[in-house]
Every structure is written in C-alpha cells, then in structure tokens.
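First up is the structure itself, then whatever we jot down about it.
Just so it is clear, none of the values below were taken in a lab; they were calculated from the coordinates. Values in this document were obtained by computation on a predicted structure and should not be read as measured data. So basically every Cβ, Gly included, is an ideal-geometry build from the backbone, and we count neighbours across all protein chains shown.
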Amino acid sequence: MIKRKNKEEARQARHARVRKKISGTPETPRLCVYRSLKNIYAQIIDDTTGKTLVSASTLDADLKANYGGNKEAAKAVGMSIAKKALDANIKEVVFDRGGYVFHGRVAEVAAGAREGGLDF
C-alpha cells in the first residue's frame, strides 16, 4: 500500500520547490508568509546574509488585542509589514507564499502589503 504524505510534508515539499526559484537579495528581499491555525506571520528576509530585516505577526502588541487568525488579521499583518518595510527603506520585495495556496489569508497578507506600499 502506498503511504500518503501528510499535509505539512506536502506543503514543505511545495515550499522547497518554490525556494529553488525565489531568493531574497539586498535589493529585493523575500517576503515570507507562515500561517498557523491561530496566527499568521510575515518576514522580510535577505537570503544572501540570512538575516530577517522586518517581521510582523498577529502576536505583535499592536495587533494582538484586535485580531486572531482570520482574513482581517492577515490584511492587518500585511499593512503592518509594509509600513515597517518602508520605514527600513525597503520598497520592492519578492513574495514567498510558503507552499500555501495563494488564496484566503495568504492572499490577504499580499493585498495588505500592496495596499501599504510594497511592490511585488
């Protein structure tokens, strides 16, 4: 009998395939999204140095009281990371959906980041 991969292993395989093609540079860092059942996280990463330049999540103090793991929270995280990125003089990024399908909360993070002023 063929054993099926569980959903997390399948997501990690998809993410590895995407990461072969996408890499963050100092000029255009990578906007990486991770979602759990309760929260959503976004980071802007420079892969050449391996450093996280900016991060935002629903666990941040300004977002924690108002949001959880829903679409409104995801859009707020996108807006927050865009604001922090613009403060850090980052205007253009490469979007990394993290192996997730680009709809729902992941798409809302992207929409919020675009609305906040990031280009990708």
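For residues that are surrounded by fewer than 16 Cβ atoms within 10 Å (Cβ to Cβ) and charged (D, E, K, R), scanning just the range 84-106, find the one that is farthest from residue 28 (Cα to Cα).
Let us first name the residues in the range 84-106 that are surrounded by fewer than 16 Cβ atoms within 10 Å (Cβ to Cβ), namely 86-89, 91-92, 101-104.
With the extra rule that they be charged (D, E, K, R), the set shrinks to 87, 91-92.
Values: 87: 15, 91: 8, 92: 6 Å.
Among them, the one singled out is 87.
Please specify each residue of the range 32-69 satisfying the condition of being of a type in the set (Val, Ile, Thr), touching a residue at least 24 places away in the same chain (Cβ under 8 Å) and not in a loop (DSSP other than H, G, I, E, B).
Of the range 32-69, the ones of a type in the set (Val, Ile, Thr) are 33, 40, 44-45, 48-49, 52, 54, 58.
Pick out the ones that are also touching a residue at least 24 places away in the same chain (Cβ under 8 Å) and you get 33, 40, 44, 48, 54.
Once the filter is applied, which keeps residues that are of a type in the set (Val, Ile, Thr), touching a residue at least 24 places away in the same chain (Cβ under 8 Å) and not in a loop (DSSP other than H, G, I, E, B), the range 32-69 yields 33, 40, 44, 54.
Across the range 41-73, which residue is surrounded by the most Cβ atoms within 10 Å (Cβ to Cβ) among those that are within 14 Å of residue 96 (Cα to Cα) and touching a helix residue (DSSP H, G or I) at 6+ places or on another chain (Cβ under 7 Å)?
42
In the range 102-109, is there at least one residue being over 22 Å from residue 21 (Cα atoms), in contact with a strand residue (DSSP E or B) (Cβ under 8 Å, 6 or more places away or on another chain) and in a helix (DSSP H, G or I)? If you could, list the steps in order and put the result at the bottom.
In the first step, residues of the range 102-109 are kept if they are over 22 Å from residue 21 (Cα atoms); the result is 104-105, 108.
Narrowing further to those that are in contact with a strand residue (DSSP E or B) (Cβ under 8 Å, 6 or more places away or on another chain): 105.
Still in the running and in a helix (DSSP H, G or I): 105.
The answer is yes; a qualifying residue exists.
When the residues of the range 1-31 are narrowed to those that are hydrophobic (A, V, I, L, M, F, W, C) and either outside any loop (DSSP other than H, G, I, E, B) or out of contact with any Asp or Glu (no Cβ under 6 Å at 6 or more places or on another chain) (or both), which ends up nearest to residue 104 (Cα to Cα)?
Of the residues in the range 1-31, the ones hydrophobic (A, V, I, L, M, F, W, C) are 1-2, 10, 13, 16, 18, 22, 31.
Pick out the ones that are also either outside any loop (DSSP other than H, G, I, E, B) or out of contact with any Asp or Glu (no Cβ under 6 Å at 6 or more places or on another chain) (or both) and you get 1-2, 10, 13, 16, 18, 31.
Values: 1: 34, 2: 31, 10: 19, 13: 21, 16: 21, 18: 19, 31: 17 Å.
Filtering the range 1-31 for residues that are hydrophobic (A, V, I, L, M, F, W, C) and either outside any loop (DSSP other than H, G, I, E, B) or out of contact with any Asp or Glu (no Cβ under 6 Å at 6 or more places or on another chain) (or both), the one nearest to residue 104 (Cα to Cα) comes out as 31.
Quick grid of which residues meet (1) hydrophobic (A, V, I, L, M, F, W, C); (2) closer than 22 Å to residue 118 by Cα:
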residue	(1), (2)
4	no, no
20	no, no
23	no, yes
30	no, yes
35	no, yes
45	yes, yes
58	no, yes
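For residue 116, state whether it is surrounded by fewer than 17 Cβ atoms within 10 Å (Cβ to Cβ) and free of Cβ contacts under 8 Å to residues at least 40 places away in the same chain. Talk me through it step by step, then tell me what you get.
Working: surrounded by fewer than 17 Cβ atoms within 10 Å (Cβ to Cβ): no; free of Cβ contacts under 8 Å to residues at least 40 places away in the same chain: yes.
Against the criterion (surrounded by fewer than 17 Cβ atoms within 10 Å (Cβ to Cβ) and free of Cβ contacts under 8 Å to residues at least 40 places away in the same chain), residue 116 does not qualify.
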